[in-house]
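Q: Encoded as structure tokens, here's the structure I'll be asking about.
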Amino acid sequence: MSNEKDWHPATRLVHGGTLRSPFNETSEALFLTQGFVYPSAEKAEARFNGDDPGFVYSRYANPTVDMFENRMCELEGAQAARATASGMAAVSSALLASVRAGDHIVAAKALFGSCRYIAETVLPRFGVEATLVDGTKIEEWKAAVRPNTRVMFLESPTNPTLSVVDIAAVADIAHEAGARLVVDNVFATALWQSPLQLGADVVVYSATKHIDGQGRCLGGIVLSDEEWIEEEFHPLFKHSGPSLSPFNAWVMLKGLETMPLRIERQTESAARIADFLADHKAVSRLIYPGRDDHPQADVVKKQMRAGSTLVAFELAGGKEAAFAFSNALDIVKISNNLGDAKSIICHPATTTHQNVAEEARLELGITGGMLRLSVGLEHIDDLLADFDKALAAI
């Protein structure tokens with residue numbers, strides 16, 4: 001019999017972390033309950049003071065949610081995790097659990113709009129200063145360090161420009177400064193990149209994206225070492241209440257079973273589409289982590305096992321061309337999700353990054369002509385035909 005530690009990710013994502021009730025169900029059980037019954041008052045007291053292991057309240061922990069957390073730990077190589085109600089709940093609580101008033105964080109400028117809002121606007125309200133740097137320039141990370149720097153935060157590849165940050169290099173700077181590195185790994189997924197193995201301390205995901213992968217529900221997860229999760233993160237999590245619902249956790253478990261199949265297919269299609277777009281006269285810039293012309297191609301080869309399900313490209317005609325192209329698509333839908341079974345196109349400057357100042361958007365390369373494509377599971381020939389038709393329309 002094979003050792004569970006030797007299982008490949010695809011096997012772990014079907015069987016890892018499974019708990020079975022006395023009924024020995026095949027599929028994971030869905031425990032739709034807010035609380036739990038104790039056999040005696042003494043047992044209740046012991047449960048609450050930690051002397052008796054077990055469940056107390058689904059805001060703290062739940063058997064179905066536990067299975068999702070444990071399965072993700074097996075995939076990520078993490079000691080512990082907590083599942084949250086959304087990806088932004090994961091990001092905000094991970095950062096809040098890591099800092100106190102008077103602390104300082106360093107974050108990459110290239111962040112999802114809501115992540116940047118947390119760093120630039122929310123944390124300073126609580127006395128935590130933030131410095132934003134060009135994440136691809138290691139010297140800027142070094143220069144930004146202060147004696148009170150406690151956290152460094154980045155996403156790689158970035159949203160929406162797909163630039164790639166050297167996680168190991170930033171981790172070394174963080175640890176030398178006595179800070180923790182938090183990495184948003186959504187665009188790479190745990191299949192193509194392992195931040196903890198590269199030196200990161202905390203990994204966060206929007207499970208809404210590739211983990212669910214079918215546009216059904218929201219979710220997030222924070223993964224790290226057991227000591228930080230239990231002593232720093234869990235008290236905030238327990239009392240502030242960003243916990244994932246058991247039903248959504250069950251949906252995520254079902255999503256994990258098919259995630260390797262979906263992501264492999266989506267990545268393969270994304271690479272084909274990137275090559276197609278790169279050669280078209282209407283496309284002035286194409287960014288895809290699997291190509292040799294990617295700005296950080298050497299870093300991609302060093303830390304990623306494959307490209308991405310996302311493609312970023314810029315049309316020469318600016319916003320007018322981007323809108324005309326998007327409106328001419330039939331199969332690909334206009335929306336702001338990603339990692340979905342359906343291919344989705346997004347105009348970041350007017351949607352996901354609309355609230356980022358124009359000067360900051362342009363500094364990041366988010367122009368009026370830029371589009372972010374999340375490649376789905378449709379047949380590649382149909383997708384290429386859809387793009388060919390839409391490009392002809394502009």
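Q: Please calculate how many Å² of accessible area segment 1-121 carries per residue, with a 1.4 Å probe and no DNA, RNA or ligand atoms counted.
A: Averaged over the residues of segment 1-121, the accessible area is 51 Å².
Q: Residue-wise, which Karplus ³J(HN,Hα) couplings in Hz belong to segment 54-62, taking 6.51 cos²θ - 1.76 cosθ + 1.60, θ = phi - 60°, and x for glycine or proline?
A: x, 8, 10, 7, 5, 5, 8, 6, 8
Q: Just name one of Thr136, Ala282, Leu123: the one whose Cα is farthest towards the positive end of the charge dipole of the chain (beta-carbon charges, Lys/Arg +1, Asp/Glu -1).
A: Ala282
Q: A further question on this structure: Which order do peptides 377-386, 67-76, 175-184, 286-295 fall in by mean Cβ count within 10 Å, highest first? Write out the running numbers ahead of the final one.
A: Numbers: 377-386: 15.0, 67-76: 22.9, 175-184: 21.1, 286-295: 19.3.
Per-residue Cβ counts within 10 Å, averaged per peptide and sorted highest first, yield 67-76, 175-184, 286-295, 377-386.
Q: Follow-up question, since we're still on this one. Skipping prolines and chain starts, which residues have an amide H placed within reach, meaning under 5 Å, of the one on Ala80, given they are 5 or more residues away or on another chain?
A: Ser224, Glu226
Q: Give or take rounding to whole Å, what are the principal axis extents of the alpha carbon atoms in segment 264-394, in descending order?
A: Principal-axis extents of segment 264-394 (Cα, largest first): 34, 32, 28 Å.
Q: Note the angle between two axes, namely the Cα long axis of helix 246-278 and the longest principal axis of the Cα atoms of the chain, as a number of degrees from 0 to 90, rounded to the nearest 10.
A: With rounding to tens, the tilt is 20 degrees.
Q: In a Debye calculation with equal point scatterers on the alpha-carbon sites of segment 128-229 and no solvent, what is log10 I(q)/I(0) at q = 0.10, 0.12, 0.21 Å⁻¹?
A: Rounded to two decimals, the profile gives -0.28, -0.40, -1.12.
Q: Would you mind getting me the FRET efficiency between Thr121 and Ala328? Use the beta-carbon distance for r and R0 = 30 Å, nearest 0.05. Display every interim value, and only then the final one.
A: Working: r = 37 Å, r/R0 = 1.22.
Plugging the Cβ-Cβ distance into 1/(1 + (r/R0)^6) gives 0.25.
Q: Across bins of 10 angstrom width beginning at 0, how are the C-alpha pair distances of segment 208-288 distributed, in whole percent?
A: Per 10 Å bin, starting at 0, the Cα pair percentages come out as 15, 28, 27, 18, 10, 1.
Q: So what is log10(I(q)/I(0)) for segment 73-198 at q = 0.09 1/Å, when the Debye sum runs over its Cα atoms only?
A: -0.22
Q: When the Cα centres of segment 291-333 and segment 65-105 are compared, how far apart do they sit, in Å?
A: Distance between centres, Cα-based: 29 Å.
Q: Per residue, what accessible area does segment 181-312 have, given a 1.4 Å probe and all protein chains present, in Å²? Walk me through the numbers on the way to the answer.
A: On the way: 4930 Å² over 132 residues.
Value returned for segment 181-312: 37 Å² of accessible area per residue.
Q: Give me the Å³ per residue figure for the convex hull around the C-alpha atoms of segment 22-62.
A: Once divided by residue count, the hull of segment 22-62 is 88 Å³.
Q: Check the straight Cα-Cα distances from Lys137 and name the lysines below 25 Å, setting aside those fewer than 8 residues away within the same chain.
A: Hits, sequence-local ones excluded: Lys109, Lys301, Lys302.
Q: While we're here: For segment 285-349, what does the convex hull of the Cα positions come to per residue, in cubic angstrom?
A: 105 Å³
Q: Next up: Using the Cα centre of the chain as origin and beta-carbon charges of +1 (Lys, Arg) and -1 (Asp, Glu), tell me which of Thr258, Gly241, Ala46 is placed farthest towards the positive end of the dipole.
A: About the Cα centre, the residue reaching furthest to the positive side is Gly241.
Q: From the backbone phi of segment 332-345, what are the Karplus-calculated ³J(HN,Hα) couplings (6.51 cos²θ - 1.76 cosθ + 1.60, θ = phi - 60°) in whole Hz, Gly and Pro given as x?
A: After applying 6.51 cos²θ - 1.76 cosθ + 1.60, I find 6, 9, 8, 7, 10, 7, 7, x, 8, 5, 8, 5, 9, 10 Hz.
Q: Carbon and sulfur atoms: what percent of the 1.4 Å accessible area of the chain do they account for?
A: Details: 8670 of 16900 Å².
Carbon plus sulfur share of accessible area: 51 percent.
Q: By how many nm would the segment from Ser40 to Ala393 grow when fully extended, if each residue of separation counts as 0.36 nm and the alpha-carbon distance is taken off?
A: Length gained between Ser40 and Ala393: 120.0 nm.
Q: To the nearest 10 degrees, how steep is helix 167-176 against the longest Cα principal axis of the chain, on a 0 to 90 scale?
A: Roughly 50 degrees, rounded to the nearest 10.
Q: Among the lysines, select those whose C-alpha is under 22 Å from the C-alpha of Lys333, and discard any that sit fewer than 8 residues away in the same chain.
A: Qualifying lysines at Cα under 22 Å: Lys209, Lys319, Lys342, Lys389.
Q: Next question. Roughly how tilted is helix 87-96, in degrees to the nearest 10 and between 0 and 90, from the longest Cα axis of the chain?
A: So the helix axis and the longest Cα principal axis differ by about 70 degrees.
Q: How far apart, in nm, are the 7 Å Cα→Cβ label points at Glu25 and Asp52?
A: With each label point 7 Å from Cα toward Cβ, the separation is 2.5 nm.
The values are calculated or read from the model by the stated rules, or taken from the named source; none is laboratory data. In this text the structure is predicted, and so the values were computed from the model without any measurement. Note: ideal-geometry Cβ built from the backbone for every residue, glycine included; neighbour counts use all protein chains shown. Note: accessible area is taken over every heavy atom of the protein model, side chains too, but ligands, DNA and RNA are not part of it. Shrake-Rupley method; radii C 1.70, N 1.55, O 1.52, S 1.80 Å.
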